[in-house]
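Asks: Below is a structure I'd like to ask you about.
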Amino acid sequence: MNYPSRLIEDAVGEISRLPGIGKKTALRLALHLLKREEEQTRSLAEAIVNMRTKTSYCVKCHNIADGQLCNICSNPKRDASIICVVVDTRDVLAIEATSQYKGLYHVLGGIISPLEGIGPSDLHIESLLTRVENQEDGEHVAEIILALNPTMEGDTTAFYLQKKLKVTGVKVSTIARGIPIGGDLEYADEITLGRSIVSRVAYD
């Protein structure tokens, strides 16, 4: 593609590095930014730079934060007796969007994947064990919820965590897996359908 300007070409090149954005979409975004007021484009650029340079991670749960603690860990209304273990911040956002969970979180920062060279030491597992064993900062952890992806790597990570947490005596649970609301049984895979039958609940 022949660009009218090297500056446009550079902008398109950088924007297209973002996931899910091809050259055509990047060009459309670049031309849109070019048409906006300079101050608006500058504000966008500053917001992105500030996000990258000033964002920190919670010292307790490793979620994204503005300071030492994230807004969830610093909220006294959250139930500190329950910790939901997730892979990354996107999982925190997804669970928070349900408005059904009022406990705390612990972000692992990944999952155990030998093929990718990711082992337990590469994840925030020791800090989770510390939270449970030391009951620091007034936390009295009674339950750990493993909310990990239902994949081989996710199950491997969950199994490893369950073994590590067993000696602490804390209750370890996992999120339910089954048929989604509005789904058809005939389209469900065998593993999901099987787990739905095994993990059936009483009909109220």
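Asks: Mind listing which chymotrypsin sites (Phe, Trp or Tyr not before Pro) in region 144-204 are in a DSSP loop and have 12 or fewer other Cβ atoms within 10 Å?
Replies: The qualifying sites are Tyr203.
Asks: What's the Cα-based Rg to Rh of the chain, Rh via Kirkwood?
Replies: Result for the chain is an Rg/Rh of 1.07.
Asks: Considering every pair of different Cα atoms, what Kirkwood radius, in Å, is found for region 4-114?
Replies: For region 4-114, the Kirkwood estimate is 16.9 Å.
Asks: Which is the longest stretch in the chain that no exposed loop site breaks, taking sites as trypsin sites (Lys or Arg not before Pro) with a DSSP loop state and at most 13 other Cβ atoms within 10 Å?
Replies: Value returned for the longest uninterrupted segment is 103-176.
Asks: Of Lys60/Lys164; Lys54/Lys102; Lys60/Lys102, which ones are farther than 22 Å apart at the Cα?
Replies: Lys54/Lys102
Asks: Continuing with the same structure: Determine, for Glu143, Glu186, the number of other Cβ atoms within 10 Å of each Cβ, and report the residues in order from fewest to most.
Replies: Fewest-to-most ranking of Glu143, Glu186: Glu186, Glu143.
Asks: Hey, another quick one. Tell me, in nm to one decimal, what length is gained between Glu38 and Asp155 on full extension, where the rule is 0.36 nm per residue of separation less the Cα-Cα distance?
Replies: 37.2 nm
Asks: If you don't mind, another one. If r is the Cβ-Cβ distance from Thr130 to Val49 and R0 is 35 Å, what FRET efficiency results, to the nearest 0.05?
Replies: 0.55
Asks: Once the piece of chain linking Ile175 and Gln68 is laid out straight, how much longer is it, given 0.36 nm per residue of separation minus the C-alpha distance between them?
Replies: 35.7 nm
All of the numbers you see were taken from the coordinates with simple rules; none came from a lab. Note that the coordinates shown come from a computational prediction; the quantities given were computed from them, not determined experimentally. Glycine also receives a Cβ, built like all others from the backbone with ideal geometry; neighbour counts cover every protein chain displayed.
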